[in-house]
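Written below as structure tokens is the structure these notes are about.
Read-outs: derived from the displayed coordinates by stated rules, not from any lab. Quick caveat: nothing in here was measured; it's all calculated off a predicted structure. For neighbour counting, all protein chains shown are included, and Cβ atoms are generated from backbone atoms with ideal geometry for every residue, glycine included.
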Amino acid sequence: MKIHEYQARELLASYGLPVDKAYICRNVDDAVRAYQELDTPLVVVKAQVHTGGRGKAGGVKLAKNEIELRQHVANILWMDIKGFIVDRVLIGKAVNIASEYYASYVIDRKSKSTILMLSREGGMDIEEVAR
């Protein structure tokens with residue numbers, strides 16, 4: 001089973017972990033409303049697809065105003081990232097990251113089991129770090 005980032009955020013929040021407010025948007029108008037609701041000078045626009053490499057593919061962008069937000073959302077929606085079509089984006093407050101971690105369960109078909117993968121090096125290139 002694969003889940004989107006926004007679904008993982010909802011799951012973490014349901015267990016009481018602190019998660020910043022973010023919105024799922026399927027069009028530019030919804031993204032503008034989310035931007036106005038967040039009321040912050042800098043937001044992140046993130047493609048929601050079941051694959052890695054979103055940032056390198058252009059599916060993660062920072063927007064410092066409504067004009068940039070509109071451009072980024074319009075460019076990211078319906079983008080093809082490794083064969084996955086982006087039909088929604090996550091809009092959230094951009095924050096300074098002191099440290100980043102990665103956690104994932106991976107199905108190992110060879111051993112017919114699941115593996116918990118943890119890394120102190122989250123973010124871009126996690127697929128390479130995992131090797």
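Could you state the orientation-averaged shadow area of the convex hull built on the Cα atoms of the chain, in nm² to one decimal?
8.8 nm²
Mind sorting Lys93, Lys2 by how few other Cβ atoms lie within 10 Å of their own Cβ, fewest first?
Least to most surrounded, the residues fall as Lys2, Lys93.
Relative to the first principal axis of the alpha-carbon coordinates of the chain, what is the inclination of helix 5-14, with its axis defined by its Cα atoms, in degrees from 0 to 90 and to the nearest 10?
Approximately 80 degrees, to the nearest 10.
Taking 7 Å along the Cα-to-C-beta vector as the label spot, tell me the Arg120-Asp29 distance in nanometres, rounded to one decimal.
4.9 nm
Within segment 25-65, find all residues whose amide N lies under 12 Å from a label point positioned 7 Å from the Cα of Glu10 along Cα-to-beta-carbon.
The answer is 25.
I need the chymotrypsin sites (Phe, Trp or Tyr not before Pro) found in segment 1-58, filtered to DSSP loop residues with at most 15 other beta carbons within 10 Å of theirs.
Tyr15
Based only on other Cβ atoms within 10 Å, what is the fewest-to-most ordering of Met117, Met79?
So the residues, fewest neighbours to most, are Met117, Met79.
Compute the relative contact order of segment 1-86 as a whole-number percentage, counting only Cα pairs closer than 8 Å that sit 6 or more residues apart in sequence.
27 percent
Going by C-beta contacts inside 10 Å, put His50, His72, His4 in order with the fewest on the left.
Lowest to highest Cβ neighbour count: His50, His4, His72.
Within the chain, how many lysine pairs that are 8 or more places apart, or on different chains, have C-alpha atoms less than 24 Å apart?
22
Return one number: the angle in degrees, 0 to 90 and rounded to the nearest 10, between the long axis of the Cα atoms of helix 66-76 and the longest principal axis of the Cα atoms of the chain.
40 degrees
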